[in-house]
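Enquirer: I have a structure I would like to understand better, so I am pasting it below and will then ask my questions one at a time.
The values are calculated or read from the model by the stated rules, or taken from the named source; none is laboratory data. Small disclaimer: the values here were computed from a predicted structure and weren't measured. Virtual Cβ from ideal backbone geometry, glycine too; neighbours counted across all protein chains shown. Each accessible area value is taken on the protein alone, full model and side chains, heavy atoms only, with ligands, DNA and RNA left out. Shrake-Rupley method; radii C 1.70, N 1.55, O 1.52, S 1.80 Å.
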Amino acid sequence: MTSVTLSTPITGEYEQPIGLGQFNARSTLRRSRVSNHLNSQKSSQINPSNEEVLCSVYEAGEKDVDIAVQAARKSFEGPWAHVTPEGRGKLLVKLAELFEENLNLLAAIESLNNGKGIALAKGDITHSASCLRYYGGWADKIEGKVIDTDPERFNYTRQEPIGVCGQIIPWNFPLLMWSWKIGPAIACGNTVVIKSAEQTPLSALVAAKLIVKAGFPPGVINVISGFGKTTGSALTHHMDVDKIAFTGSTVVGRQILKASAESNLKKVTLELGGKSPNIVFNDADIDNAIAWVNYGIYYNHGQCCCAGSRIFVQEGIYEKFVERFKERTAKNVVGDPFDPKTFQGPQVSKVQFDRIMGYIEQGKSEGATIETGGSRHGTKGYFIQPTIFSNVQPNMKIMQEEIFGPVCSIAKFTNEVDAICQGNNTTYGLAAAVHTANLNTALRVSAGLKAGTVWVNTYNSVHHQLPFGGYKESGIGRELGEAALANYTQTKTVSIRLTNAPFY
Ligand code: ADP
């Protein structure tokens, strides 16, 4: 077993340099060490493709979290406050360039640790760089207002940073989620302690080296590894953390809110789960709709909070659609993440594998029909066959709960009203899609769906310029676009009474 001892606080010195720019992720990780952790607990990193131990990573204990928070506080109150908005923007742009220069290395680490296909992993890194660069552009465009109340007062607002931001990210898009969090927080002048997911800490640790290389002052971005119940909880309960931005499950989202209430009422934004409807009308271009429905559920092995896991097809094309969708699903290449043709790699962990297989069994026992899939793929690694259920009832678990795997349910609808009702029959509201050739249908159904994003004749069309976040139990706040700046600034009102103004 190779021991990778990268841990907290990451703006410290490395004993040996990480081999940046090299494609060989395995040897890069083997030679990486950071010595300044206090906690001696380590967690094994498993390669989900073959279930073998890749390396182990130190977890940040409560003391490590405290050191990282203190470093972030010191920097926020000191040197970082003196970096101009333009300077913050330049640092983010530099970091984006370093992501691009190290694209092959970073993508290889994602494929190794998360299991995602190398082509998708490269897409993640490209999108991460775009996101960092985009927020670099925002850094010097964050402006207040002058507000006229009466002739005797001059009032203005300032959009000030919130302070030390704790950021907790999931394992499904390790560096992309990292960039969605870091970009707006830094653009707005905050400092950050970011915790990666325990299943996929490796790429964040290599990115930490890039932070140093980009020239960020010490303490501005602190990267920590560890489990949720220990490291995550220490961060969410910390009295000197001003804000938590979280992406993950709704269950944990509730715990984050509770931690805020129990500590210092730190501000909280949440991007949580989903059970998104993908709605296909009779008049849709069926080839296009099938391509997007397939991409909507199986992209990233179904491990997307916005996965289109409930597919509703209008009755006129239902049978034809199911047959054609099964044919399309059979063409998805499932296998080795390092094969460029692979679309679907393994699920991230044994826990997730077992959870998904449990849902498949539940669907079978509740009486739904398996149209295709329903079993493990191969004999090694956490691979699951792409699975379609039909004959599903609205109250079945597979129709209501987030499975987070390559499993979807397909059902019929009659008309627009029925499509909206069935689409909204969930506690979630992250995303939805409508496939139709009729613009009126597209506009009416998009307006009726209670979801933070509605795609028309496409799916998973997430873009760093477009706000993304949830209605209902899918979250609080919006990430990406200009909207994300609201998560990382607070408004200060300054009201000046003019000299000699009458007293009132
Ligand atoms: P999943 O079930 O998909 O693993 P989670 O919501 O459990 O998603 O995890 C998402 C992130 O939240 C991870 O970084 C995890 O370590 C962290 N996390 C889990 N539980 C807690 C908690 N109680 N407090 C803070 N962070 C947590």
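Enquirer: Of the residues that make up segment 196-216, is at least one within 14 Å of the ligand (Cβ to nearest atom) and open to solvent by 10 Å² or more (accessible area, probe 1.4 Å)?
Expert: Checked against the condition, which is being within 14 Å of the ligand (Cβ to nearest atom) and open to solvent by 10 Å² or more (accessible area, probe 1.4 Å), segment 196-216 yields at least one hit.
Enquirer: Considering only segment 366-394, how many residues are surrounded by fewer than 21 Cβ atoms within 10 Å (Cβ to Cβ), in contact (Cβ under 8 Å) with a residue 24 or more places away in the chain and either of a type in the set (Asp, Glu) or in a strand (DSSP E or B) (or both)?
Expert: Summing the residues that are surrounded by fewer than 21 Cβ atoms within 10 Å (Cβ to Cβ), in contact (Cβ under 8 Å) with a residue 24 or more places away in the chain and either of a type in the set (Asp, Glu) or in a strand (DSSP E or B) (or both) in segment 366-394 gives 4.
Enquirer: Something else now. Can you tell me which residue in segment 483-496 is farthest from Lys181 (Cα to Cα), limited to those that are in contact with a strand residue (DSSP E or B) (Cβ under 7 Å, 6 or more places away or on another chain) and surrounded by 13 or more Cβ atoms within 10 Å (Cβ to Cβ)?
Expert: Let us first name the residues in segment 483-496 that are in contact with a strand residue (DSSP E or B) (Cβ under 7 Å, 6 or more places away or on another chain), namely 487-496.
If we keep only those that are surrounded by 13 or more Cβ atoms within 10 Å (Cβ to Cβ) too, we end up with 487-490.
Numbers: Asn487: 10, Tyr488: 10, Thr489: 14, Gln490: 17 Å.
Ranking the candidates gives Gln490 first.
Enquirer: Any residue in segment 174-181 that is part of a strand (DSSP E or B) and small (Gly, Ala, Ser)?
Expert: Within segment 174-181, none of the residues are part of a strand (DSSP E or B) and small (Gly, Ala, Ser).
Enquirer: While we're looking at this one, here's another question. For segment 461-482, what are the residues that are open to solvent by less than 30 Å² (accessible area, probe 1.4 Å) and assigned to a helix (DSSP H, G or I)?
Expert: Ser474, the sole residue that qualifies.
Enquirer: Let me ask you something else. Pairs, please: C-beta under 6 Å, at least 6 apart or cross-chain, first residue closer than 20 Å to Asn300 by Cα and aliphatic (A, V, I, L, M) and in segment 444-468, second open to solvent by less than 40 Å² (accessible area, probe 1.4 Å) and in a helix (DSSP H, G or I)?
Expert: Hits for this filter: Val454/Ser446.
Enquirer: Would you mind stating whether Asn50 is at pLDDT 95 or above and either assigned to a loop (DSSP other than H, G, I, E, B) or crowded, with 23+ Cβ neighbours inside 10 Å (or both)? Working first, answer last.
Expert: Details: at pLDDT 95 or above: yes; either assigned to a loop (DSSP other than H, G, I, E, B) or crowded, with 23+ Cβ neighbours inside 10 Å (or both): yes.
When the stated conditions are applied, Asn50 passes them.
Enquirer: Could you please find all residues in segment 239-271 being hydrophobic (A, V, I, L, M, F, W, C) and either within 21 Å of the chain's Cα centre (by Cα) or open to solvent by less than 50 Å² (accessible area, probe 1.4 Å) (or both)? Outline the logic, then answer.
Expert: Within segment 239-271, the subset hydrophobic (A, V, I, L, M, F, W, C) is 239, 241, 244-246, 251-252, 256-257, 259, 261, 265, 268, 270.
Scanning segment 239-271 gives Val241, Ile244, Ala245, Phe246, Val251, Val252, Ile256, Leu257, Ala259, Val268, Leu270.
Enquirer: So which of Ile142, Ile186 ends up being in the same structural domain as Glu77 (by TED's automatic domain parsing), surrounded by fewer than 21 Cβ atoms within 10 Å (Cβ to Cβ) and more than 16 Å from the ligand (Cβ to nearest atom)? If you could, list the steps in order and put the result at the bottom.
Expert: Values: Ile186 fails: surrounded by fewer than 21 Cβ atoms within 10 Å (Cβ to Cβ).
Result of the check over Ile142, Ile186: Ile142.
Enquirer: Take residues that are within 16 Å of the ligand (Cβ to nearest atom) and tell me which of the strands (runs of 3 or more DSSP E) falling wholly in segment 235-353 contain 3 or more.
Expert: Working: elements: 243-247, 267-271, 277-280, 310-314.
The strands (runs of 3 or more DSSP E) meeting that bar are 243-247, 267-271.
Enquirer: Tell me which residues, restricted to segment 217-227, are surrounded by fewer than 19 Cβ atoms within 10 Å (Cβ to Cβ) and near the ligand (Cβ under 9 Å from one of its atoms). If you could, list the steps in order and put the result at the bottom.
Expert: Just the residues of segment 217-227 that are surrounded by fewer than 19 Cβ atoms within 10 Å (Cβ to Cβ), to begin with: 217-218, 227.
Listed by number, the list holds a single entry, Phe227.
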